[in-house]
Protein chains: 2
Amino acid sequence: MKNMNSALLNNVSELTKLARKFNCFYLSGLHQGICKPFIVAGHQVGLIRPDVLKYLHRFPEVFRVAGKFVELNPAFRDYQERTVKVAEVLQKLRKDDEICALKGWRDECFEVSTPFYHESLLEMDRSAVCLFGIRNYGVSVTGYLNHPSKGLCIWLQQRSFTKQTWPGKWDCFVSGGLAVGYGILETAVKEAAEEASVVGELVKKLVPAGCVSFYFESERGLFPNTEYVYDLELPLDFVPQNADGEVESFELLTAEECVQRALTPQFKTTSAPVLIDFLIRRGYINPENEPNYRHLVELLHVPLQSIYNWSAEITSNGDDSEMQY
Amino acid sequence: MKNMNSALLNNVSELTKLARKFNCFYLSGLHQGICKPFIVAGHQVGLIRPDVLKYLHRFPEVFRVAGKFVELNPAFRDYQERTVKVAEVLQKLRKDDEICALKGWRDECFEVSTPFYHESLLEMDRSAVCLFGIRNYGVSVTGYLNHPSKGLCIWLQQRSFTKQTWPGKWDCFVSGGLAVGYGILETAVKEAAEEASVVGELVKKLVPAGCVSFYFESERGLFPNTEYVYDLELPLDFVPQNADGEVESFELLTAEECVQRALTPQFKTTSAPVLIDFLIRRGYINPENEPNYRHLVELLHVPLQSIYNWSAEITSNGDDSEMQY
C-alpha cells in the first residue's frame, strides 16, 4: 500500500487537498472513535468530542454519559422541555466562559431532528450545535455573471472583521444558516437582501441548484454541514451593497481568480464546497482539467445521512452490542 | 420505528420512490449480506451474488471461493494475465448459455480498478461487470433547449427494440459506457455523433456538469454506476438523427412531461438519475416543490467510493494500520 499512497500524493490536485480539508472530520476524525454518539429520544443526532464531554459531566441531570454514548435525559417529554433544559446548561457554560464556540452566542436557534425522517426533537443556539456535532443546514448563493471579455466571473464577499466566526475571510456572495422558523428559499431571499441588497426583480432570479454536504472539524467543534445552493446571474453593472454590517467588502473575480482565492488561507474553508460545486456544474472544473474530478464530486456529497446510525443499529439488533460506524 | 415508517411512506414523493428504485441495492440488498466481496490483488472490486457464485465454483483455478469472499487467483501476475484468465471463464459460461447477462456480450471491455487510487487491475467484457458488481462508469448527455413558449424542454431517446438491455425503453438524449481506451469527453463526443448526429460546432457546446452515483440491482446483476453528466443546449430547429441503429426514435418533451415519462415503467430506471440531477441543477425540481429534496440529492450521490472496503478491513488488522477513508 505504501507505493500507492505515494502515487496518490503525487496525483492529488490542489482542489482535492482543499476538499479533504473541508472534510477533515469525515476522512479522519470520524474513524478515530474518540467521539461519543449523542442520543436524543433514542436517535443519534450528533457526536461529542472529549473536550466537550468534560463540561457535560457537570450536568448529570441533563446529559447522561453512559459508557459508549451520551444521552439527553429521556425523561424530558417533548421538544419544549428538551429545548429549555439544554438551553439552561448552555447558558451556564456560556457564563463560565470556558468554551470557545459559546463566545459566539447568536440568539438564533437551529433545529435538531432525527436522521432519516427529520422529526424535530429540540432547538439550540446556533453557536452550540458544533459542540454536539449536530447536522446543520444553510443556504449559499453564488452571484455570477458571464463577462463579455473575462468570461465567467463570480462576486465574493469578505466577511466583516467583527464576525464571531471566520472574521475577515473571503466567502461566497451570500450565505446564511437555516434558523428555526425560516424556509429554505425564504432564507436565501432574506440573506440576499441583508448581505448584498439583492431585492425586487433581481432576487426573483435565484435558481436553486442542489445541495453540498461535507464534514469539517475545527478547534471550535464538529461541522456536518449541508448547504442548499442557489445561483444568481447578476447584471454586468450590478454592484452589491451590504446592508447589515456583516460584510467588509465585495469583489468580482474571474473563475480562475476564485479558484486561486479559495486555495489561500484567506478563504473560509467551509464555503469552498459551494464554490467548487458551482464551478463543476458550470463546466469550469471538468474531467479534462481536474485529475481527481470524480473524487472531488464525491467529497461534495459525503453521506452525512448515514453517518449517525447508532439508533438504527440498536433497533435492528435488539441491543447495542453490534454498534458499528 | 413503526410509526415513523408509516409517516415516512405518507411523505415520500414519486421522485423519491424512483430514486429508491434505482438505488434498490444500496438501500436494501447491500445490507442483507448475501453477496460475497470479490477480491482482486488484495482489493475489493465488487460483490458476487449467490446465483453467480454457483457458476464460479466450476473454475477453482481462477476463482477461489474462500468462506466469506471470492478471490481471483492471486498467482495471476498482471493486468494481462488476469484479463485473459477471466475472459476464458466468461467465454465458457457464455457458451453454456446459462447466464442471462452474458447473452448481451458486447465485445467492448470495461476496466476493473482498485477503489480510491484507481490502479487498473484487469478488463472484462461490458456484459459481465454486473455479475461481479464491478463499479462501472458512463457518460450521459442531456440535450435541452429553452423553448420560447414551453420553457425548459428536453430531448429523450427511445432505445432500439433490438438492444440487449432495456430494449424500447425511454432514455436520456445520448449516453454510453466508458470503454477501455476512451476518455470521458471523448466518449461523450463519440456517442453524441453516433446516437444523435451531434457533430461540428454543436458538439463543442457540451458542458460537463458533474457526476451522479447510484447502486441498482436487477435480475441481470449488480450495477454500482457512476455517470459523468454533460449538458448540451440545442438550437430550436435541431432534430436529432440516429446514425448507429441503436435508437428507435427521439422526442422533445417539456420538463414536466419528462418527469412524468421518467415515472413510468417505459423509462430506463438507471437513466433517471441523470434526468433528475439535470432538473435539480436547473431549479425545476427545488426545495419548494419537492418535499424530499435533500434526500433526493443524497440518492444521486450514494457513497460508492466507500462501499467496497473489504481490503481496508483486512489491512487495518494487519500492518498498514493507518489507512483511513
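General observations
- Annotation note: of B:Val40, B:Val84, the sole residue that is more than 14 Å from every other protein chain (Cβ to nearest Cβ), without any contact (Cβ under 8 Å) to a residue 12 or more places away in the chain and among the β-branched types (Val, Ile, Thr) is B:Val84.
- No other residue among B:Leu222, B:Leu263, B:Leu232 is touching a helix residue (DSSP H, G or I) at 6+ places or on another chain (Cβ under 9 Å), within 30 Å of B:Ile99 (Cβ to Cβ) and either within 10 Å of chain A (Cβ to nearest Cβ) or modelled with pLDDT of 95 or more (or both) apart from B:Leu222.
- Filter pass, A:Leu236 being part of a strand (DSSP E or B) and over 18 Å from the mean Cα position of the chain (by Cα): no
- The one condition in (1) loosely packed, with under 15 Cβ neighbours inside 10 Å; (2) away from chain A (no Cβ under 14 Å); (3) touching a residue at least 60 places away in the same chain (Cβ under 8 Å) that B:Gln241 fails to fulfil: (3)
Yes or no, residue by residue, for (1) of a type in the set (D, E, K, R); (2) touching a strand residue (DSSP E or B) at 6+ places or on another chain (Cβ under 9 Å); (3) not assigned by TED's automatic domain parsing to the domain that holds B:Ser213:
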| residue | (1), (2), (3) |
| --- | --- |
| B:Lys17 | yes, no, yes |
| B:Lys36 | yes, yes, yes |
| B:Val40 | no, yes, yes |
| B:Gln44 | no, yes, yes |
| B:Glu71 | yes, yes, yes |
| B:Val86 | no, yes, yes |
| B:Arg94 | yes, yes, yes |
| B:Asp107 | yes, yes, yes |
| B:Ser120 | no, yes, yes |
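- Leading residue by the ranking (farthest from B:Leu47 (Cα to Cα)) among those in the range B:102-127 that are away from chain A (no Cβ under 14 Å) and more than 18 Å from the chain's Cα centre (by Cα): B:Asp107
- The set of residues in the range A:248-298 being touching a Leu at 6+ places or on another chain (Cβ under 9 Å), within 20 Å of A:Asn146 (Cβ to Cβ) and in a loop (DSSP other than H, G, I, E, B) consists of A:Arg282, A:Gly283, A:Tyr284, A:Ile285, A:Asn286.
- Pair list, Cβ under 8 Å, 6 or more apart: the range A:287-307 residue more than 7 Å from every other protein chain (Cβ to nearest Cβ) and on the phi < 0 side of the Ramachandran plot, other residue basic (Lys, Arg) and surrounded by fewer than 20 Cβ atoms within 10 Å (Cβ to Cβ): A:Leu299/A:Arg20
- In summary, A:Leu202 fulfils each of the numbered conditions (1) closer than 30 Å to B:Val302 by Cβ; (2) more than 14 Å from chain B (Cβ to nearest Cβ); (3) buried (at least 17 other Cβ atoms within 10 Å of the Cβ) with the single exception of condition (1).
- Taking (1) in contact with a helix residue (DSSP H, G or I) (Cβ under 9 Å, 6 or more places away or on another chain); (2) over 18 Å from A:Val239 (Cα atoms) in turn, A:Thr187 satisfies each apart from (1).
- Criterion (more than 18 Å from B:Thr226 (Cβ to Cβ), free of Cβ contacts under 8 Å to residues at least 60 places away in the same chain, basic (Lys, Arg) and assigned by TED's automatic domain parsing to the domain that holds B:Ala262) met by exactly one of B:Lys190, B:Lys163: B:Lys190
- Matching residues, the range B:24-34, being surrounded by fewer than 22 Cβ atoms within 10 Å (Cβ to Cβ) and either touching a residue at least 40 places away in the same chain (Cβ under 8 Å) or in contact with a Pro (Cβ under 7 Å, 6 or more places away or on another chain) (or both): B:Cys24, B:Gly29, B:Leu30, B:Ile34
- Selection of the range B:227-259 for residues being within 21 Å of B:Ala209 (Cα to Cα) and in contact with a Pro (Cβ under 9 Å, 6 or more places away or on another chain) yields B:Glu227, B:Tyr228, B:Val229, B:Tyr230, B:Asp231, B:Leu234.
- All conditions in (1) surrounded by fewer than 24 Cβ atoms within 10 Å (Cβ to Cβ); (2) at pLDDT 95 or above hold for B:Pro273, with the sole exception of (1).
- A:Ala209 within 14 Å of chain B (Cβ to nearest Cβ) and of a type outside the set (Ser, Thr, Tyr): yes
- Looking across the range B:145-198, the residues that are within 14 Å of chain A (Cβ to nearest Cβ) and either surrounded by fewer than 17 Cβ atoms within 10 Å (Cβ to Cβ) or not in a loop (DSSP other than H, G, I, E, B) (or both) come down to B:Asn146, B:Gly151, B:Leu152, B:Gly183, B:Ile184, B:Leu185, B:Glu186, B:Thr187, B:Ala188, B:Val189.
- Summed over the range A:203-233, the residues that are free of Cβ contacts under 8 Å to residues at least 60 places away in the same chain and outside any strand (DSSP E or B) give a count of 3.
- Residue list for the range B:175-184, restricted to those being among the aliphatic types (A, V, I, L, M) and in contact (Cβ under 8 Å) with a residue 60 or more places away in the chain: B:Leu178, B:Ala179, B:Val180
- The one condition in (1) free of Cβ contacts under 8 Å to residues at least 60 places away in the same chain; (2) under 22 Å from the mean Cα position of the chain (by Cα); (3) under 27 Å from A:Tyr228 (Cβ atoms) that B:Val259 fails to fulfil: (1)
The values are calculated or read from the model by the stated rules, or taken from the named source; none is laboratory data. Bear in mind the structure is a predicted one, so any value in this text is a computation, not a measurement. Cβ coordinates were reconstructed from backbone atoms using ideal geometry, including for glycine residues, and neighbour counts include every protein chain displayed.
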